[in-house]
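The structure appears below as structure tokens.
The values are calculated or read from the model by the stated rules, or taken from the named source; none is laboratory data. Keep in mind that what you see is a predicted model, and the values were worked out from it rather than measured. Positions of Cβ are backbone-derived with ideal geometry, glycine not excepted, and every protein chain shown enters the neighbour counts.
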Amino acid sequence: MPIPTPTTSSTPSTPSTPSTPSTSSTAAITAPFSRDPRRAPDDAREPTRSPGLTLRRAGLQDASALADLLSLPEVQPWLLQLPYSSEAFWRERLGKTPDLQSGELQLLAFDGDRLLGSAGLHGVGGQARRRHVMTLGMAVHPQAQGKGVGTALLQGLIRQADDWLGTLRLELTVYVDNHRAIALYERMGFEVEGRLRAYALRHGRYVDCLTMARLHPNPPRWD
Ligand SMILES: CC(C)(COP(=O)(O)OP(=O)(O)OC[C@H]1O[C@@H](n2cnc3c(N)ncnc32)[C@H](O)[C@@H]1OP(=O)(O)O)[C@@H](O)C(=O)NCCC(=O)NCCS
């Protein structure tokens, strides 16, 4: 399945401010899509144009494509997913989070109707004293990697967390040899906080992970 390279613009774009917040699970928004390597770590605050790329919340109709994406041999080993993901699993999981007020978000990136990537923003459990914390994970189709799709998805999650949920702390784990992902997270303001030894089994070997986190650079205030 050929996936065209998303086009890029050399013209700085106007930051887009959503005029009317939408509560529709199918509302597509134009994704930020910047390829300027000089971006500051907190460039999630500076959305740019993303011709051809749209982001929207995942729905039940995406379960099959999501299972296929997360089963790809170039993707699955880098996650905590087991091989042979299933559409039924994703239908159940997506069906369990219909409550938009939970703040949880499974965000998908599309070129037309082709699924290019997915990123999930989740709570970390029921403890009241950790309501300010969320975790995330993401995956981009191998043919679309290195073209800014991951950046656009992560910017989308960070905007949700920063601007609409007031999340103070975003945290994640990443395999210690996942250099592309670590570079992306660092560029978006995440810092390594520690190394988790033998964190997960991968291809028959235990692999270390890094734990990374990003604190809201400008937590919401009342003015
Ligand atoms: C990690 C992942 C989500 C990144 O998505 P992506 O669409 O490729 O990301 P982007 O293109 O937006 O950015 C990738 C950045 O890493 C850089 N990069 C690419 N290969 C790299 C490498 N080997 N070492 C360091 N940096 C690398 C790119 O140059 C790019 O930075 P730039 O925008 O400053 O040029 C994607 O590669 C992926 O799905 N991998 C498999 C699953 C996975 O690892 N998920 C994350 C689990 S924690």
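Going by the structure shown, is SER24 modelled with pLDDT under 50 and loosely packed, with under 12 Cβ neighbours inside 10 Å? Quick ask: steps written out before the conclusion?
Working: modelled with pLDDT under 50: yes; loosely packed, with under 12 Cβ neighbours inside 10 Å: yes.
Answer is yes for this residue.
Filter the stretch 204-223 down to the residues that are assigned to a loop (DSSP other than H, G, I, E, B) and either surrounded by 14 or more Cβ atoms within 10 Å (Cβ to Cβ) or touching a Phe, Trp or Tyr at 6+ places or on another chain (Cβ under 8 Å) (or both) and list them by number. Lay out the reasoning, then the answer.
Going through the stretch 204-223, the residues assigned to a loop (DSSP other than H, G, I, E, B) turn out to be 204, 216-223.
Correct list: HIS216 only.
Could you identify the single residue in ASP177, ASP162 that is more than 13 Å from the ligand (Cβ to nearest atom) and either out of contact with any Cys (no Cβ under 9 Å at 6 or more places or on another chain) or assigned to a loop (DSSP other than H, G, I, E, B) (or both)?
On the way: ASP177 fails: more than 13 Å from the ligand (Cβ to nearest atom).
Unique residue meeting the criteria: ASP162.
Is one or more of the residues making up the stretch 116-134 more than 12 Å from the ligand (Cβ to nearest atom), touching a residue at least 40 places away in the same chain (Cβ under 8 Å) and of a type outside the set (Asp, Glu)? So that I can check it myself, show each step before the final result.
Going through the stretch 116-134, the residues more than 12 Å from the ligand (Cβ to nearest atom) turn out to be 121-134.
Next, from what is left, pick out any that are touching a residue at least 40 places away in the same chain (Cβ under 8 Å): 121, 124.
Next, only the ones that are of a type outside the set (Asp, Glu) stay: 121, 124.
Taking every residue of the stretch 116-134 in turn, at least one turns out to be more than 12 Å from the ligand (Cβ to nearest atom), touching a residue at least 40 places away in the same chain (Cβ under 8 Å) and of a type outside the set (Asp, Glu).
When the residues of the stretch 91-115 are narrowed to those that are part of a strand (DSSP E or B) and more than 12 Å from the chain's Cα centre (by Cα), which ends up nearest to GLN81 (Cα to Cα)? Let's see the steps before the verdict.
First, the residues of the stretch 91-115 that are part of a strand (DSSP E or B): 105-111, 114-115.
Applying the additional criterion that residues be more than 12 Å from the chain's Cα centre (by Cα) yields 110-111, 114-115.
Working: PHE110: 22, ASP111: 25, ARG114: 22, LEU115: 18 Å.
Residue satisfying both the conditions and the ranking: LEU115.
Which count do you get for residues in the stretch 139-153 that are under 12 Å from the mean Cα position of the chain (by Cα) and either closer than 19 Å to ALA65 by Cα or more than 6 Å from the ligand (Cβ to nearest atom) (or both)?
6
Across the stretch 112-135, which residue is surrounded by the fewest Cβ atoms within 10 Å (Cβ to Cβ) among those that are touching an Asp or Glu at 6+ places or on another chain (Cβ under 9 Å) and closer than 12 Å to LEU55 by Cα?
At the first step, the residues of the stretch 112-135 found to be touching an Asp or Glu at 6+ places or on another chain (Cβ under 9 Å) are 115, 118, 120-124, 133-135.
Retained after the next criterion (residues that are closer than 12 Å to LEU55 by Cα): 115, 118.
Values: LEU115: 20, SER118: 23.
Applying the filter and picking the extreme gives LEU115.
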